[in-house]
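Heads up: the structure comes next, in structure tokens.
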Amino acid sequence: MTIRLFDTMAGTARELVPIEPGHVRVYSCGPTVYGPAHIGNFRSFLFADLLVRYLRYRGLRVTWVMNVTDIDDRIIKGARAEATSIGELSERYREMLVSDMEAVGIAMPDFMPKATENIPQMVELIQKLLDGGHAYRTDDGSIFFRIASWPEYGRLARLDPEGMRVGERVEADDYAKDDVRDFALWKGPKPDEPRWETSIGPGRPGWHIECSAMSMRYLGPSFDIHTGGVDLIFPHHTDEIAQSEAATGQRFVAYWLHNAFLQMGGQKMAKSVGNIERVGEIIDRGISARALRLALISANYRMALSFGEDSLQAASSAVDRLDALFAALATYRCDCPDDATLAGLLDGTKTAFETALDDDLNISPALAALFDLVRELNRRVDVRALSTADTARAAAFIRDLDRVLGIAPVEEAALEPDLQKLLDERAEARAARDWAGSDRLRVALAARGVLVEDTRDGQRWRRAD
Ligand code: AMP
Ligand code: ZN
């Protein structure tokens with residue numbers, strides 16, 4: 001087994017060789033919880049989720065950390081505007097984030113640390129940088145990283161180290177510093193801002209130091225994979241590398257993975273552009289969360305993905321096809337011999353699925369292999385080429401692949417005994433051609449949330465949504 005991942009630092013795909021054999025440590029930049037996350041953010045989280053699910057499917061142990069940035073200029077502004085505390089505001093949006101993550105089936109990270117709960121770790125890191133001559137204080141109590149002390153600065157983003165810093169997301173220019181390129185590790189106290197009293201003085205952390213401190217706390221000074229959107233390559237990840245490696249003297253991250261943007265109307269989905277949609281809004285429109293999930297993972301993470309009604313429709317009909325197959329496999333009964341070619345069909349699908357995902361999570365051919373199988377199984381159901389036992393094998397096979405995809409219908413729990421009794425009575429009524437009795441039982445079952453349909457293989461039931 002060889003999994004190759006495109007490493008931004010190397011500029012090429014590299015074979016994944018975990019630092020600790022069999023155990024992959026992954027850190028993903030999570031959201032800043034100043035408002036509800038949009039589905040562009042979710043493309044980034046779902047890419048990390050797909051990566052983690054696939055590594056686990058491949059038998060690797062994974063420790064996955066995703067941070068929550070709960071202190072930032074925008075949070076301070078938002079809390080002030082609402083006359084509430086930053087704690088209340090950020091917690092509200094963190095809870096919304098977690099419920100949206102659950103809705104779209106993200107395997108919950110092993111740790112989701114909040115920045116404000118890791119201030120001592122940040123202070124310790126900054127102290128190391130001060131001691132090592134990589135950081136300096138300014139008159140207002142801020143502390144900056146000295147880029148001139150770190151010759152390797154900017155390799156990830158292929159920057160000319162002499163070049164100017166551009167596109168700084170969190171402006172720090174109102175703090176005096178020695179060199180325009182230097183970035184804030186710690187922001188000195190301001191009268192109307194939250195502050196922490198610490199051994200390096202009062203103030204609050206800069207954004208970049210948060211991720212270095214939280215990743216190293218849970219994953220150690222040197223870990224395998226760091227993920228985020230391409231907009232984070234510079235300055236965020238560039239600064240994380242400089243401050244982490246300057247503090248520890250060790251290579252910070254072995255593989256840097258960056259997802260391309262989700263676009264809508266030809267532009268990056270962003271709050272500032274005004275073209276955002278949220279998980280909750282889409283589900284409220286009646287789109288299934290599984291269809292939304294599929295729409296957001298259906299292109300390789302390094303390719304721009306454009307989102308719109310068409311992509312949602314395509315994903316919805318794909319999920320419907322999967323649901324219909326599962327329903328058909330569940331009710332199919334045939335006293336036929338086992339299908340001698342089924343094992344070969346499943347093996348071929350598995351090979352195609354894994355070969356695609358091993359190649360930098362190339363999801364499109366993996367999905368194509370799955371949906372080719374869905375079509376072929378439907379055909380075999382129609383021509384009654386499968387035995388009853390074959391259908392269980394086929395369903396179990398797809399469920400196994402779905403550990404990676406997370407788009408199959410949830411397995412129906414068996415019916416409660418009293419409901420099963422009604423269903424059995426209805427089967428008897430139909431066998432006795434008692435149509436009135438059968439209809440009465442159908443209505444009784446529907447009233448209890450169980451919808452019954454009659455098929456060639458007998459009754460098929462599902463629970464109402
Ligand atoms: P933020 O809350 O802005 O720090 O963003 C959280 C994550 O979402 C980061 O990894 C961003 O790179 C990513 N992100 C933001 N907008 C998009 C988008 N339109 N498409 C894909 N990823 C995005
Ligand atoms: Zn980060």
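The values are calculated or read from the model by the stated rules, or taken from the named source; none is laboratory data. Just so it is clear, the model here is predicted, and its values are computed rather than measured. Cβ sites come from the backbone with ideal geometry, for glycine too, and all protein chains shown count toward neighbours. When the accessible area is computed, the model is the full protein with side chains, heavy atoms only, and any ligands, DNA or RNA have been set aside. Shrake-Rupley method; radii C 1.70, N 1.55, O 1.52, S 1.80 Å.
Structure values in brief
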{"quantity": "Residue within the range 12-27 that is part of a strand (DSSP E or B), surrounded by fewer than 18 Cβ atoms within 10 Å (Cβ to Cβ) and among the aliphatic types (A, V, I, L, M) present", "calculated": "yes"}
{"quantity": "Positions within the range 195-237 being part of a helix (DSSP H, G or I) and aliphatic (A, V, I, L, M), in sequence order", "calculated": "Ile209, Ala213, Met214, Met216, Leu219, Val230, Leu232, Ile233"}
{"quantity": "Pairs, first closer than 16 Å to Ser44 by Cα in the range 90-115, second open to solvent by 30 Å² or more (accessible area, probe 1.4 Å), C-beta under 6 Å, six or more apart", "calculated": "Ala107/Arg53"}
{"quantity": "Selection from the range 278-293 of residues that are open to solvent by 10 Å² or more (accessible area, probe 1.4 Å) and assigned to a helix (DSSP H, G or I)", "calculated": "Gly280, Glu281, Ile283, Asp284, Ala289, Arg290"}
{"quantity": "Counted residues, the range 174-216 - those being of a type in the set (Asp, Glu) and either within 16 Å of ligand 1 (Cβ to nearest atom) or surrounded by 24 or more Cβ atoms within 10 Å (Cβ to Cβ) (or both)", "calculated": "1"}
{"quantity": "Filter pass, Glu240 being within 24 Å of Gly11 (Cα to Cα), without any contact (Cβ under 8 Å) to a residue 40 or more places away in the chain and assigned to a helix (DSSP H, G or I)", "calculated": "yes"}
{"quantity": "Test for Asn259: is it surrounded by 17 or more Cβ atoms within 10 Å (Cβ to Cβ), away from ligand 2 (no atom under 16 Å from the Cβ) and polar (S, T, N, Q)", "calculated": "no"}
{"quantity": "Test: residue in the range 43-55 that is of a type in the set (Asp, Glu) and either at positive phi or touching a helix residue (DSSP H, G or I) at 6+ places or on another chain (Cβ under 9 Å) (or both)", "calculated": "yes"}
{"quantity": "Yes/no for Ile71 being more than 15 Å from ligand 2 (Cβ to nearest atom) and at pLDDT 95 or above", "calculated": "no"}
{"quantity": "Pair list, Cβ < 7 Å and 6+ apart or interchain, from the range 449-461 residues that are under 12 Å from Leu419 (Cα atoms) and open to solvent by 30 Å² or more (accessible area, probe 1.4 Å) to residues that are small (Gly, Ala, Ser) and not in a strand (DSSP E or B)", "calculated": "Leu451/Ala464"}
{"quantity": "Residue, most open to solvent (accessible area, probe 1.4 Å), within the range 67-85, restricted to residues that are near ligand 1 (Cβ under 10 Å from one of its atoms) and free of Cβ contacts under 8 Å to residues at least 60 places away in the same chain", "calculated": "Arg74"}
{"quantity": "Among residues of the range 382-400, those that are open to solvent by 10 Å² or more (accessible area, probe 1.4 Å), out of contact with any Leu (no Cβ under 7 Å at 6 or more places or on another chain) and closer than 19 Å to Thr331 by Cβ, counted", "calculated": "9"}
{"quantity": "Qualifying residue in the range 307-315 (condition: more than 16 Å from ligand 1 (Cβ to nearest atom), in contact with a Leu (Cβ under 6 Å, 6 or more places away or on another chain) and over 22 Å from Ala10 (Cβ atoms))", "calculated": "yes"}
{"quantity": "Condition broken by Leu312, with the remaining ones in (1) open to solvent by less than 10 Å² (accessible area, probe 1.4 Å); (2) over 30 Å from Leu46 (Cβ atoms) satisfied", "calculated": "(2)"}
{"quantity": "Test for Glu124: is it open to solvent by 20 Å² or more (accessible area, probe 1.4 Å), more than 15 Å from Arg217 (Cβ to Cβ) and either assigned by TED's automatic domain parsing to the domain that holds Thr138 or more than 14 Å from ligand 2 (Cβ to nearest atom) (or both)", "calculated": "no"}
{"quantity": "Of all residues in the range 219-245 being open to solvent by 10 Å² or more (accessible area, probe 1.4 Å) and of a type in the set (Asp, Glu), the one that is farthest from ligand 1 (Cβ to nearest atom)", "calculated": "Glu245"}
{"quantity": "Criterion: hydrophobic (A, V, I, L, M, F, W, C), closer than 24 Å to Thr351 by Cβ, within 16 Å of ligand 1 (Cβ to nearest atom) and surrounded by 19 or more Cβ atoms within 10 Å (Cβ to Cβ) - qualifying residue of Val33, Val52", "calculated": "Val52"}
{"quantity": "Complete set of residues in the range 413-448 that are exposed (fewer than 13 other Cβ atoms within 10 Å of the Cβ), more than 21 Å from Tyr332 (Cβ to Cβ) and not charged (D, E, K, R)", "calculated": "Pro417, Ala432, Trp435, Ala436, Val443, Ala446, Ala447"}
{"quantity": "Filtered residues of the range 340-359 (kept if of a type in the set (D, E, K, R) and surrounded by fewer than 19 Cβ atoms within 10 Å (Cβ to Cβ))", "calculated": "Asp347, Lys350, Asp359"}
